[in-house]
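Working notes for the structure below.
The values are calculated or read from the model by the stated rules, or taken from the named source; none is laboratory data. What you see is a predicted model, and the numbers here were worked out from it, not measured in a lab. As a convention, Cβ positions derive from the backbone with ideal geometry for all residues, glycine included, and neighbour counts pool all protein chains shown. Please note that ligands, DNA and RNA were not included when accessible areas were found on the heavy atoms of the full protein model with its side chains. Shrake-Rupley method; radii C 1.70, N 1.55, O 1.52, S 1.80 Å.
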Amino acid sequence: MALRAASPIWISPLRPHSKVGESDLGLRRCVDLRCYWDLERLPKWECCCLSVLAQRAITPVEDEKPVDTSGATDQVQDTQSRGFHKDLNLLPKPLSATDLSSSPGNGAQVRVAYQGIPGAYSEAAALKAYPKCETVPCDQFEAAFKAVELWLVDKAVLPIENSVGGSIHRNYDLLLRHRLHIVGEVQMIVNHCLLGLPGVQKDELKRVLSHPQALAQCEMTLNKLGIIRVSADDTAGAAQMVVANGERDTGAIASARAADIYGLNILLEKIQDDDDNITRFLILAREPLIPGSDRPHKTSIVFTLEEGPGMLFKALAVFALRDINLTKMESRPQRKRPLRVVDDSNKGSARYFDYLFYIDFDASMAEPRAQHALAHLQEFARFLRVLGCYPTDATL
């Protein structure tokens, strides 16, 4: 296609239906990935740019309304992975609007955003995915999303779930609010280390700083040492605070890389309660990957269901009927419309949460079985969106 002004996404016409209170186009079945029906009503997929989609009247769910990206550059920090910094004054400073003109535009080096500061586990995941990349730290998860949208960076690497702590719900919500595409994933073993100032022994520590999840994952070791736990925004930030405060009785739980960056000593290694402590990170980009069928793929979707008994069972059955394996399922209440009334009136006595369902399944959107499964799912879904289709053999 000749159009390159906007990101392509996979779409097709809305399936018409008639219900009281709905528009002529059947707008309540808002879908980003739809089946295009030909004369024989066999599913095919076509790629259209956003300028074409803008001409369609589509009503998004409230949770995915566009987010104001103004001021995002104040939340994003810039850095280069050029070795270790023992001087805190040498650590990267936040990006400003003037940095936009100096951002690399020749594609020589991939710029990858992550949440945290140098030494964070997310930075290690970004370097594992792109060993020669330029890492760009961000204060918050949403700042990383906006950095990609504003072309400050090429990719973002963000955690989505941990084998001990579970799902990172904030990033599930942000996937719906932003129009980025999942193009890969990274799995990393998390090894927590107890860090202290040079010359300090572990018996001298009275308190330890770290992210709440890191503290919880090292509970047994901390109980044995009798150390007071103090929460911090992230593990690398805790290491930075220990150096900045200079208190010998205060340590941090962070990575070995953070110890090298901030000049701390490793007092204990692998202090997590579970040896198999693995975090899965998503790789996000502005452009989706064009799905293929030459190697294994994973597809990630999100949808809501119509009212009725057995709707979730029917939704999951569309995959089982086609021998498609589901690898992940997560449910999140719709934040701006959490309650659903059974009889659709304010006097209804039965109310319950209205959920979004996030699902990963082992199939490529280039496969007919996946196309038929999503076309079948449209019969029960009020909203359906494909978040990404990406090779699983590229998982790191």
So for each of 148-156, 116-124, 166-174 I average, over its residues, the number of other beta carbons within 10 Å; can you give me the resulting order with the highest mean first? 116-124, 148-156, 166-174
Cut-off 19 Å, label 7 Å out along Cα→Cβ of residue 362, residues of region 290-331 by amide N: 292-301, 316-330
With R₀ set to 45 angstrom, the calculated FRET efficiency between the beta-carbons of residue 204 and residue 317, to the nearest 0.05, is 0.15
Looks like region 186-245, by Cα gyration tensor root eigenvalues a ≥ b ≥ c and the a/c under 1.5 rounded cutoff (else prolate when a/b is bigger than b/c, oblate otherwise), is oblate
Ratio of the Cα radius of gyration of region 206-308 to 2.2 N^0.38 Å, where N counts its residues: 1.55
Applying the gyration tensor rule to the Cα atoms of region 101-191 (axes a ≥ b ≥ c; rounded if a/c under 1.5, else prolate if a/b exceeds b/c, else oblate), the class is oblate
With a Förster distance of 30 angstrom and the Cβ-Cβ distance between residue 276 and residue 109, calculated FRET efficiency to the nearest 0.05 equals 0.35
What is the spin-label model distance, in nm, from residue 294 to residue 268 if the labels are put 7 Å beyond Cα along the C-beta direction? 5.0
Rank 241, 311 by accessible area, highest first, at a 1.4 Å probe radius? 241, 311
In the structure shown, do any of 132/328; 270/298; 128/202; 206/270 have a Cα-Cα gap over 22 Å, and if so which? 132/328; 270/298; 128/202
Using protein chains only and a probe of 1.4 angstrom, how many square angstrom of residue 257 are accessible, to the nearest 10? 60
Using 0.36 nm per residue, how much length does the chain from residue 244 to residue 223 gain when fully extended, once their Cα-Cα distance is taken away? 5.0 nm
Region 142-149 - phi-based ³J(HN,Hα) in whole Hz, Karplus 6.51/-1.76/1.60, Gly and Pro as x: 5, 4, 5, 4, 5, 4, 6, 4
